[in-house]
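S.K.: Handing you this structure, nothing more for now.
The values are calculated or read from the model by the stated rules, or taken from the named source; none is laboratory data. Since the model is a prediction, treat every value here as computed from it, not as a measurement. Cβ placement follows ideal geometry from the backbone for every residue including glycine, while neighbour counts extend to all protein chains displayed.
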Amino acid sequence: MKLRRELEATVKTLLAGVQAHGGREVSLNDVAKALGVQRVTPPEIEAIFARLEAAGLVVTSIPVGSLFPLLGQVVRAARRRRDAGEPSHPRVLAEELGVAESEVRAALLLASTLG
């Protein structure tokens, strides 16, 4: 699948960052941070992972099942903040929910794959 220009740039940034440190792994959290607020479709996420794996990297994650209880909380908090005209940056959501920012990012990435 051909990625949009901005997603190709994201993949290049991820590759450069991991390879600069001699690493062989990229976490789901790293991918979520690199994507930021970009809208990404499930096929695009799969293509991003395929490109990273083709470059010899392993994409690591936290167990998805552990995200489902948090997923609803994150989505509700983000919608509530959006409706109030407030920012819903992962750091802000993490502080509001009392969880790690990496967990919020992973939950948001999971939400984007669920549509």
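S.K.: Looking at segment 2-17, can you tell me whether even one residue there is in a strand (DSSP E or B) and farther than 20 Å from ALA111 by Cβ?
M.R.: Scanning segment 2-17 turns up no residue that is in a strand (DSSP E or B) and farther than 20 Å from ALA111 by Cβ.
S.K.: Between residues in segment 70-86 that are of a type in the set (S, T, N, Q) and residues that are surrounded by 12 or more Cβ atoms within 10 Å (Cβ to Cβ), which pairs lie under 7 Å by C-beta distance while being six or more apart or on different chains?
M.R.: Matching pairs, first to second residue: GLN73/LEU97.
S.K.: Taking segment 74-89 on its own, how many of its residues are within 18 Å of the chain's Cα centre (by Cα) and over 19 Å from LEU110 (Cα atoms)?
M.R.: Step one: list which residues in segment 74-89 are within 18 Å of the chain's Cα centre (by Cα), which gives 74-79, 87-89.
Checking the rest, the ones that are also over 19 Å from LEU110 (Cα atoms) come to 87.
So the count comes out to 1.
S.K.: Also, quick follow-up: So PRO69 clears everything in (1) over 20 Å from SER88 (Cβ atoms); (2) at pLDDT below 85; (3) not acidic (Asp, Glu) except one condition, right? Which one?
M.R.: Checking PRO69 against (1) over 20 Å from SER88 (Cβ atoms); (2) at pLDDT below 85; (3) not acidic (Asp, Glu), the one that fails is (1).
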